[in-house]
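This report concerns only the one structure given below.
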Number of protein chains: 4
Amino acid sequence: MIIILKPNSEQQNVAELIKTLETEYNLEVQRMDGVNYSILGLIGDTSALDTDPIQEKEVVKKVMRIQEPYKKVNRAFHPDDTIVNVGGFEIGGNRLALMAGPCSVESEEQIISIAKKVKAAGANFLRGGAYKPRTNPYRFQGLGIEGLKHLETARKETGLPIVTEITSVDLIDLFVDKVDIIQVGARNMQNYVLLRELGKCQTPVLLKRGLSATIEEWLMSAEYIVSGGNPNVVLCERGIRTYETFTRNTLDLSAVPVIKKVSHLPVIVDPSHATGLWWAVEPLAMAAVCVGADGVMVEVHEQPSEALSDGKQSLLPDKFSKLAEKLRGAAALMGKTI
Amino acid sequence: MIIILKPNSEQQNVAELIKTLETEYNLEVQRMDGVNYSILGLIGDTSALDTDPIQEKEVVKKVMRIQEPYKKVNRAFHPDDTIVNVGGFEIGGNRLALMAGPCSVESEEQIISIAKKVKAAGANFLRGGAYKPRTNPYRFQGLGIEGLKHLETARKETGLPIVTEITSVDLIDLFVDKVDIIQVGARNMQNYVLLRELGKCQTPVLLKRGLSATIEEWLMSAEYIVSGGNPNVVLCERGIRTYETFTRNTLDLSAVPVIKKVSHLPVIVDPSHATGLWWAVEPLAMAAVCVGADGVMVEVHEQPSEALSDGKQSLLPDKFSKLAEKLRGAAALMGKTI
Amino acid sequence: MIIILKPNSEQQNVAELIKTLETEYNLEVQRMDGVNYSILGLIGDTSALDTDPIQEKEVVKKVMRIQEPYKKVNRAFHPDDTIVNVGGFEIGGNRLALMAGPCSVESEEQIISIAKKVKAAGANFLRGGAYKPRTNPYRFQGLGIEGLKHLETARKETGLPIVTEITSVDLIDLFVDKVDIIQVGARNMQNYVLLRELGKCQTPVLLKRGLSATIEEWLMSAEYIVSGGNPNVVLCERGIRTYETFTRNTLDLSAVPVIKKVSHLPVIVDPSHATGLWWAVEPLAMAAVCVGADGVMVEVHEQPSEALSDGKQSLLPDKFSKLAEKLRGAAALMGKTI
Amino acid sequence: MIIILKPNSEQQNVAELIKTLETEYNLEVQRMDGVNYSILGLIGDTSALDTDPIQEKEVVKKVMRIQEPYKKVNRAFHPDDTIVNVGGFEIGGNRLALMAGPCSVESEEQIISIAKKVKAAGANFLRGGAYKPRTNPYRFQGLGIEGLKHLETARKETGLPIVTEITSVDLIDLFVDKVDIIQVGARNMQNYVLLRELGKCQTPVLLKRGLSATIEEWLMSAEYIVSGGNPNVVLCERGIRTYETFTRNTLDLSAVPVIKKVSHLPVIVDPSHATGLWWAVEPLAMAAVCVGADGVMVEVHEQPSEALSDGKQSLLPDKFSKLAEKLRGAAALMGKTI
């Protein structure tokens, strides 16, 4: 960490600041004097140090961090890729995770039928929402525990591991018992109470990027889980909020190479929620694979126009089947398989 | 709601759509044919209707809502201002709510000392965090229940009602018991499980705007609480995330007249968190009063440079005292008092 | 266009509005009465109609457009893809445009040397800036006409057509004389005086998306050029401004399928300026091809650390050569060649 | 400027970098070694130094600027407020600039009539567009030189100095001859060719903030004008582009105290264009005065529903008259007059 001192600061105040840093924070301080500014360099572990109080000191012009605030998820301290093992399937390795299914579980028949179709097409995970966080209090909020049971039945029928979203801390035991990957949705990415509790289990967590989260904040949320003891985190880019309104959100595919550069965690992409436009899903899924993502999550629905939520962005099973075929080509180009 | 049909649609498919809308959704449908497009107008209550499945129909080009999706918090259905009564103090009336205090409760002495000072300066509410949602898992997370108790002591000493942030559903009973206004922070604005439970109590809720929430989404979150049975919601604008980095967030003061126009709920402004710059708090607090806000929330700390969180944006008690004096002038200009 | 009337409007005022629309704007008006709202549907050509004055009428609640405001660049009225022919090379067809070169032309030797290297690697266009719009008035502003001459020399040596940015109307004649594709930079995307003049020549124009332009605004800028008489417009996505700061801008690859859906113009992608990070260029260029772009524009520099501008995002010729090799694979996957 | 070196860098490469900085850039370099990182501090004038090539050096992890890149408009080097004198009226002093008038000049009668009314209400400047930059090529583009002449006539009739927008370099002589303040619109804020030429005249320039310009970029655009020799720059905040769609843009009132802190230039606020909602103009104009702005620019139109552009955001003269009355109260509160 670097501290820029204000010009013409009282030397006694600077000396006090240095003393505080040395004694209270246990840091070594080096001083460098320039023409307009003097600088203090702090040597030691500053990752837990809150910069705001220092910023407040009368003699301080600016505090600049050098190191990233995340440690456990930082590639600098963990150079090898993390592979998240879900019942034998390795996310982050050479196989592409292809997660498919409806936005919401609507009935046992529906989810089993779709599960069979997406499996036949090549999906290796089944997704489907049982607990739905909805902006509108008057809309369908999901089947809840019934939905979870239907997902379990679909898993039994097809062998596909299941991914579904959690909305509250008190559901964790239930999810650990029933679910293969616990999804944390964009709106809960900074629900730190939930993240902290998920750090205490070992079930893999799919951590969606918050609607307006920076990549650093997203990694800090992952840090909550990993530092709590659960290393099995898979990140999921799902679009960020921008001024553009044609697409529901703006899919930030550059986040994939950035995550690969600064972190060791696997990262997948959800083009369905990002755009809200079914016809944009195929090209963006292809792009996601070719930008280096470890998987793709796609909404599939048998009759999108009847879907209880998010129909506009769902593919019909036929279209998904063609997409999966194209993704196999893209995977091969990247030296991977599905 | 209006449905724009695609040109050259099969008339049979259109007839089926109309039938679905009439029988399944119980709406009256009126049709209008233009040169390039035909339009269906839906007559009836469409507020709970999910537009996505309709959007998906083959014959549909676009679905356009005419009515706002919120009802209980909509001024159209509730023309009079809501006044939220907090132990006799009426937020939303002619007195300006002036909420002041530190970001975090750090000790009993600290909070009592500040409470006395902000009261002397003219504050009518004491704010202070006991449970802190922090981006960084390694930083101070608040004193928890100890902090709540210190706040109660400070209230006893000064008579100031207390406002503090809740972070989890399982704290609701505790907060209802101890707190005068329960604050829902920006990161929990779309924690629908929490909102729904807060709708079951009668304690006033201060609902901060999410970092990237539209005004409509913010009102939909208020709708969760009010439709659940708790009409005592005060909104709080605290800055939105934009590309500008000089200020921490961009304070959206235009949200105040917009809220006043479309909703009947009171709305206050927090310039401290919005900017993260103590020297910008005074001018923006003045602006907040003059734009028509029902109150202002300001961070005050005795030694900002020692604050365990958010020191950079806190005012010293002296500065707060001068600000309160200026705000009295602004209140008078607006026909209000503090 | 649809006009929603306010409830309980004076019938005489509504009648006046209808009369104005019929007589002044020459539109047919159909009326539909609902329970809460009445609606007017306007039949006829409303594309040049300014909605604001209508919005202002006392009886009007809201005006909703059904048709896009762009016509010449709208795929609805021009279903076939536009192919822009640049000296025999067809942008928008089955060959991928691969434009490469330095941010700035620095000397004749430099641009010839790079031109030869990028041509050997597979590039089919040479890019390089002679007139540079710089945020900082104290930095290198380009070689100007000398730079243009160096580009011409490089074209003579290699046969590569040249693409370079224009910054002012009075340069148009010079550019038409010397350049194969005139680039309009992001900062000039809404310089309507410049666009209108470019509509009067036939030289192909590469129109970069403005830093905060919506897709619709971008197409409206293309409409200025095409409606002026120059159909040879190639769009270029180069990243939009968002709150994320890790990358310089956020590359919006979803814009590519959207453009393909609503317009017939070709569209290419510039991952170098979008991210400002050389190591993100390769994955994003791959993604651009696989999302369906008609080409890629890449910065290449022999010694990036000496570049007079934008070195941080440039590839060394060797790296570019490897990228071109990979792009050939991606092109093949998409049924294209380079 | 500070350079963070990569850990384990080759000492010879570091030595070369230091030598380059000392000899080519004429800087003094101080080195500081920490546990994980070594740091170079650069002493000397680095304001014209391009950081990108340095960033590119193999041994460099990060380059951090300490000083702002703007100099002439920086309060650090010019502590006193700049007062821009327009025919005796001092913008930036104790009188509030109140600029009012229609979006577009539509006829001589129209502009004279409005000019008289806004003058009677208290306006001290007349605004009106003669050259209009419009997104849509099919809409009214302004009366051009005829409009300028009408403005001159209105000035003769009322004595109000006139403010109007320039759209192109070749209009500068005309504007210098006829206009009191030359407005540079948001879309031209980074039209550096235009800015550079405006730096060569002495006519005051009203520089609107670009739609997605940071405060720093805005100041850099002002730097173009001031460093060119024209110190008479007035800044104008007019809303920035965000994800919020209720208002046309988001008025960033925090920009006013920030500008006052870091620059000495006067700054005014345009709430009409920012929101696009006439009923939000009054509260935001009040807020603008109370946040410390040096003036307010307001659209006024006699029959907003007939306006050729931007009617939705215009006030009727009566409403403007009431607004001016209220602004006098706000000005008094701030120790100013109108």
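Just so it is clear, none of the values below were taken in a lab; they were calculated from the coordinates. Note that the structure is a prediction, hence the values are computed from the model and not measured. Backbone-built Cβ (ideal geometry, glycine too); neighbour counts: all protein chains shown.
General remarks:
- Under 5 Å, built H, 5+ apart or other chain: amide partners of residue A:294: A:267, A:268
- Placing a pseudo-label 7 Å from each Cα along the Cα-to-Cβ vector at residue B:120 and residue D:43 gives an inter-label distance of 4.7 nm.
- Measuring between alpha carbons in the structure, the pairs from A:61/D:260; A:149/A:312; A:119/B:61 lying more than 29 angstrom apart are A:119/B:61.
- Nearest 10 degrees, 0 to 90: helix C:11-23 Cα axis against chain C principal axis: 50
- Rounded to the nearest 20, the Cβ-based charge dipole of region C:2-64 about its Cα centre (Lys and Arg +1, Asp and Glu -1) stands at 280 debye.
- Computed log₁₀ I(q)/I(0) - Debye formula, equal Cα scatterers, no solvent, region A:195-283, q 0.19 Å⁻¹: -0.84
- Whole-Hz ³J(HN,Hα) from phi, Karplus 6.51 cos²θ - 1.76 cosθ + 1.60, for region B:108-124, glycine and proline x: 4, 4, 4, 6, 5, 4, 5, 4, 4, 5, 6, 5, 4, 6, x, 5, 10
- Evaluated over the Cα positions of chain D, the convex hull gives a direction-averaged projected area, one quarter of its surface, of 19.7 nm².
- Centroid-to-centroid, using Cα positions, region B:169-207 and region C:244-292 are 42 Å apart.
- Once the Cβ-Cβ distance of residue C:174 and residue D:196 is raised to the sixth power relative to R0 = 25 Å, the FRET efficiency obtained is 0.85.
- Among C:166-176, A:238-248, the order from most to least packed when residues are scored by Cβ within 10 Å on average: A:238-248, C:166-176
- Among D:115-122, B:63-70, B:289-296, the order from most to least packed when residues are scored by Cβ within 10 Å on average: B:289-296, D:115-122, B:63-70
- Net charge dipole, region B:238-326: roughly 340 debye, given to the nearest 20, about the Cα centre with Cβ charges of +1 for Lys and Arg and -1 for Asp and Glu.
- Cα pair distances exceeding 17 angstrom across region A:1-100, given as percent: 61
- Annotation: amide H-H contacts under 5 Å for residue B:240 (H modelled 1.01 Å from N, sequence separation of 5 or more, or interchain): B:250, B:251, B:252.
- Remark: mean inter-chain Cβ contacts per residue of B:68-77 equal 1, using a 10 Å Cβ-Cβ cutoff to other protein chain atoms.
- Sorted shortest first, the distances from the residue B:139 label point to those of the same residue in the other copies are 3.1, 3.3, 4.3 nm; each point sits 7 Å from Cα along Cα-to-Cβ.
- Neighbouring Cβ atoms from other chains, within 10 Å of the Cβ of residues in D:286-295, number 6 on average.
- Nearest-first distances (nm) between copies at residue D:93, label 7 Å from Cα via Cβ: 4.7, 6.9, 7.8
- Of A:235, A:257, A:281, farthest towards positive along the dipole that unit charges on Lys, Arg, Asp, Glu beta carbons give chain A: A:281
- Full-stretch length increase - residue A:140, residue A:156 - with 0.36 nm per residue and alpha-carbon distance subtracted: 3.1 nm
- D from C by rotation - nearest chain C beta carbon to the axis, in Å: C:212, 2
- The mean count of C-beta atoms from other chains within 10 Å of the C-beta of residues in A:59-67, rounded to a whole number, is 3.
- Helix B:215-227 axis, angle to chain B major axis (alpha carbon atoms, nearest 10°): 80
- Shape of the protein assembly as shown, Cα gyration tensor, a/c cut at 1.5: rounded
- In summary, the lysines within cross-link reach of residue A:116, defined as a Cα separation below 16 angstrom excluding same-chain residues under 8 places away, comprise A:156, A:319, A:322.
- Per-residue ellipticity at 222 nm computed for chain D from its helices equals -10500 deg cm²/dmol, with DSSP H segments shorter than 4 residues left out and the rest contributing -39,500 (n - 2.57).
- Cα centroid of region D:89-111 to Cα centroid of region A:60-131, whole Å: 58
- Starting from the label point of residue C:33 at 7 Å along Cα→Cβ, the same points in the other copies fall at 2.3, 8.7, 9.0 nm, in ascending order.
- For residue A:101, the residues whose modelled amide H falls within less than 5 Å of its own, excluding neighbours fewer than 5 places apart on the same chain, are A:127, A:298, A:300.
- The distance between label points at residue C:80 and residue A:279 comes to 2.0 nm (points 7 Å beyond Cα on the Cα→Cβ vector).
- Taking label points 7 Å from Cα along the Cα-to-Cβ direction, residue A:109 and residue C:11 give a separation of 5.2 nm.
- The listed peptides D:126-138, C:321-333, ordered by packing as a protection proxy, come out as D:126-138, C:321-333 (highest mean of other Cβ atoms within 10 Å first).
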